[in-house]
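Please read the structure below before turning to the comments.
Every number in this text was worked out from the coordinates using simple rules, so none of it is lab data. Keep in mind it's a predicted model, so treat the numbers as computed, not measured. Cβ placement follows ideal geometry from the backbone for every residue including glycine, while neighbour counts extend to all protein chains displayed.
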Amino acid sequence: MSQFTQFTGNQENSPLFCRGFATSATWVAPANGWVIFYVMGGGGSGGAARTTVADDRPLSTGGGAGGLAIKRAYVTTGQSFTITIGSGGAAATRSGSSGGTTGNSGGASSVSASGFTTITANGGSGGNAGVLGTALNGGAGGTASGGDINITGGSGGDCVALTGSGASATGGGAVGVFGVGYDGGSITATSGKNATGGAGIGGNGGDVTSADQTSAGGGTAGAASGATAGPGVKASLDIDYMQNFKFAGFSVLVQPGSTAFLGAGTEGKAQAAATASIGFGGGGGAHNNGSVTNAGCNLGAGSGGVSSWSAGTVTSGSGGEGFVMLEYIGI
């Protein structure tokens with residue numbers, strides 16, 4: 001039995017209605033009954049590093065994903081709940097002088113009410129950035145509290161020190177919708193121009209272990225292996241298909257005909273911008289020999305880092321916004 005069905009055992013106990021909140025609001029319970037609250041913090045943005053000389057070795061790491069708290073609670077008619085939605089971490093930008101700009105942390109999301117234990121999902125931390133090849137850790141995932149289940153978001157990938165010329169950028173972390181927050185791919189190569197994929201909700205982004213490589217994003221049902229993407233379920237299928245996870249309402253966010261995977265991380269990019277994940281999965285890292293702007297992420301995911309060894313402006317892309325969803329089960 002998954003963590004997300006243990007509340008109801010083997011009973012057929014489908015919600016009478018679901019409601020999602022992308023902005024802060026007040027919700028008033030329409031009747032007595034059981035509600036499951038899902039509270040997700042905002043994702044952190046990746047770091048941004050640039051230098052005008054490849055030998056100065058710019059490095060950047062991905063941001064951490066927001067935490068996730070899940071709680072079943074009995075509500076009463078007219079009970080008022082304050083819902084606060086955390087923003088995604090603002091994109092980090094570096095221009096002008098050589099150096100690194102640290103990514104920004106995502107905001108906390110929460111649900112609170114009088115006489116009710118507050119449910120909080122903290123935002124992921126921003127990724128790190130610097131030059132001269134110094135080793136860097138990825139942004140940490142956000143923690144959560146007040147839920148029956150509290151899941152820490154995945155971290156951005158790490159970079160070892162670069163001792164030879166090159167540039168490194170790692171992917172962001174994923175929201176732990178299946179009970180574990182997975183991490184962006186890490187770089188253990190000590191030279192070369194390298195970028196890793198973001199984490200998926202089913203596994204880590206691929207690691208880079210040798211020079212001048214990029215790696216794939218983690219999938220919805222497993223980790224990436226180097227440049228091979230993790231396995232997953234296409235976004236055109238209802239996400240409820242995957243391990244009975246109850247965020248079915250999020251499937252409406254996918255555009256018809258999309259070939260992307262909801263919950264998958266995106267790949268690391270060489271001399272190009274990283275693309276946005278649809279939601280939950282981390283953004284890939286990217287490097288370039290000039291200006292580059294990564295796409296922002298969605299739904300609590302951490303964005304990837306971005307590095308450049310030439311003149312120009314580099315921007316990491318924003319972390320995914322927080323979200324709150326409730327399922328009214330009834331009496």
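Using Cα centres only, tell me the gap between the range 143-177 and the range 56-124 in whole Å. Answer, in whole Å: 14. Relative to the 2.2 N^0.38 Å rule of thumb, the range 148-225 has a C-alpha radius of gyration ratio of 1.12. Principal axis analysis of the Cα atoms in the chain yields extents of 65, 35, 30 Å, listed in decreasing size. Amide hydrogen proximity for Ile329: with H placed 1.01 Å from N in the peptide plane, the residues at 5 or more positions away or on another chain lying under 5 Å are Leu16, Trp34, Val35, Ile36. Taking amide H as placed 1.01 Å from N in the peptide plane, the amide H of Gly184 sits under 5 Å from that of Ser155, Gly156, Gly157, Gly173, Ala174, Ala199, Gly205, each at least 5 places away or on another chain. Using the Karplus relation 6.51 cos²θ - 1.76 cosθ + 1.60 with θ = phi - 60°, the per-residue 3J(HN,Hα) values for the range 129-145 come to 7, x, 10, 6, x, 5, 4, 9, 8, x, x, 6, x, x, 8, 9, 8 Hz, with x marking Gly and Pro. Expressed as a whole percent, the proportion of Cα-Cα pairs in the range 75-141 lying more than 13 Å apart is 71%.
Charge dipole (Cα centre; +1 on Lys/Arg Cβ, -1 on Asp/Glu Cβ; no other charges) of the chain amounts to roughly 300 debye. Annotation: Cα Rg of the range 133-181 relative to the compact-globule expectation 2.2 N^0.38 Å equals 1.50.
The residue among Thr61, Gly78, Ala286 whose Cα reaches farthest toward the positive pole of the charge dipole of the chain, with charges on the beta-carbon of Lys, Arg, Asp and Glu, is Gly78. In order along the range 175-184, the phi-based Karplus estimate (6.51 cos²θ - 1.76 cosθ + 1.60, θ = phi - 60°) of 3J(HN,Hα) comes to 5, x, 5, 9, x, 9, x, 8, 9, x Hz; Gly and Pro are listed as x. By the Kirkwood approach, averaging reciprocal distances over each pair of separate Cα atoms, the range 12-147 gets a hydrodynamic radius of 16.6 Å. Highest average first, the peptides 206-212, 195-201, 273-279 ordered by how many other beta carbon atoms sit within 10 Å of their residues are 195-201, 273-279, 206-212. Simple rule: put +1 on each Lys or Arg Cβ and -1 on each Asp or Glu Cβ in the chain, find the dipole, and look at Gly222, Gly133, Ser114; the Cα lying farthest toward the positive end is Ser114. Mean-square fluctuations from a GNM of the chain, with a 10 angstrom spring cutoff on Cα atoms, peak among Ser87, Ser14, Ser109 at Ser14.
If contacts are Cα pairs under 8 angstrom and at least 6 residues apart, what is the relative contact order of the chain in percent? The partial results should precede the final answer.
Working: 1619 pairs, mean separation 75.9, N = 331.
23 percent.
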